[in-house]
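Take a look at the structure set out below.
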Amino acid sequence: MEFSQVLEQRRAVDYFDPDRPVDSKLIRQMVEKAALAPSSFNLQPWNLIIVNDPQKKAALQKAAWNQPKITQAPVIFIVLADRGGWKKGHPVMEKTFSQMVAAGLPKEKYDWFADACSSLYGASADRQMAFACKNAGFFAMALMLAAKDLGLDTHPMDGFELDKVRNLFSIPDNYWIPLLLAVGYFDKSKSLAPPKWRKTVDEIVVSF
Ligand SMILES: Cc1cc2nc3c(=O)[nH]c(=O)nc-3n(C[C@H](O)[C@H](O)[C@H](O)COP(=O)(O)O)c2cc1C
C-alpha cells in the first residue's frame, strides 16, 4: 500500500469482525515493523502485552469503560511505557550502550552516556513520564500504520482504569500504560463513521 494511502485509510474503527481471527504471523510482522520507530538515544522504552484469551479480554473490557471493541477485536495490545528505561543497569540501556561501542564509541564514554540519560530523562517524575510516553507513543503510531499496511484495522483507547489494568495483568510500577490498542478486521456489515475533522496547517502552526 502507498504510504499516503496508509495515512489516509487508517481509522480508529469502532466495529471489529469477531469471527475473523488475525494470523499470529501478521501480528509478529506488525510488531517487527513498528519496532523500527525512533526513540530517545534508541532506548526503545516500550513493551507490549498481547491479549487474545477471551476470558482475559472480558476482564479487560470491564476495566476499560466496558468498550465492546475489546471483546470484539481478536487481539488487544496493552502498550507499556517504561519510565525507568533510561537508568544505569537497565538491560536495554546497557544493550544500547554496547551497540554504540560496537559501532565505534569508546567504552570510556559510559559515564557520559549514563549522565546524559539521567539528566535528560530522569531529572523528575514528569521527565520520566514524558520520556516513556513520547517514545511509546511513536511506537504505538507505528503499530497502527504497520497494521494498516498489512490489511489490519486498529483502535487506540485510553478509556480504561489504569490501576485495574495494572492489577489484572500484574504490570510492574515502572510501566505507565499510555493506551490499549485493539487489532483485527473491520466488521464489513457495519458502516465506518465518516472521517473526523482535522486541524488545518494554519491551525497547527503557531508562534509566540
Ligand atoms: C491515545 C488515544 C486514545 C483514544 N482513546 C479512545 C477510547 O478510549 N475510546 C474510543 O472510542 N476512541 C478512542 N480514541 C480514538 C479517537 O477518538 C480517534 O482516533 C479520533 O477521533 C480520530 O478518529 P480516526 O482515528 O478514525 O481518524 C483514542 C485515540 C487515541 C490516539
Next on the checklist: At 0.36 nm per residue, and after removing the present C-alpha to C-alpha distance, how many nm does the segment from residue 103 to residue 200 gain when stretched out fully?
Outcome noted: 30.7 nm
Item to check | 0 to 90° range, to nearest 10: angle between helix 24-34 axis and the chain longest Cα axis | outcome: 50 degrees
Checklist entry - In degrees, nearest 10, range 0 to 90: what is the angle between the Cα axis of helix 125-149 and the longest Cα principal axis of the chain? => result 50 degrees
Checklist outcome for this item: Taking a straight Cα-to-Cα line shorter than 20 Å from residue 109, and setting aside same-chain lysines fewer than 8 residues away, one finds 87, 88, 95
Item to check | Residues 86, 197, sorted so that the one with the fewest Cβ neighbours within 10 Å comes first | outcome: 197, 86
Item to check | Residues 98, 4 arranged by fewest to most Cβ contacts within 10 Å | outcome: 4, 98
Next on the checklist: Given 10 °C and 1.306 mPa s, compute D for the chain with the Stokes-Einstein relation, Rh being the Kirkwood radius over Cα pairs; round to the nearest whole µm²/s.
Outcome noted: 85 µm²/s
Item to check | For a label point 7 Å along the Cα-to-beta-carbon line of residue 124, residues of region 71-96 with backbone N under 18 Å | outcome: 83-84
Checklist entry - Add -39500 (n - 2.57) for each DSSP H run of 4 or more in the chain, then divide by its residues: what number comes out at 222 nm, to the nearest 500 deg cm²/dmol? => result -13000 deg cm²/dmol
Next on the checklist: Can you sort 200, 154, 96 from fewest to most other Cβ atoms within 10 Å of each residue's own Cβ?
Outcome noted: 200, 96, 154
Checklist entry - Taking Cα atoms, how many degrees apart are the long axis of helix 91-102 and the longest axis of the chain, rounded to 10 and kept between 0 and 90? => result 60 degrees
Item to check | Whole-Hz couplings from phi, Karplus 6.51/-1.76/1.60, listed for region 109-123; x for Gly and Pro | outcome: 7, 4, 5, 4, 5, 4, 5, 4, 4, 6, 6, 6, 10, x, 5
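All of the numbers you see were taken from the coordinates with simple rules; none came from a lab. Since the structure is predicted, the reported quantities are computational estimates derived from the model, not experimental observations. Methodologically, a virtual Cβ is constructed for each residue, glycine included, from the backbone with ideal geometry; neighbour enumeration extends over all protein chains shown.
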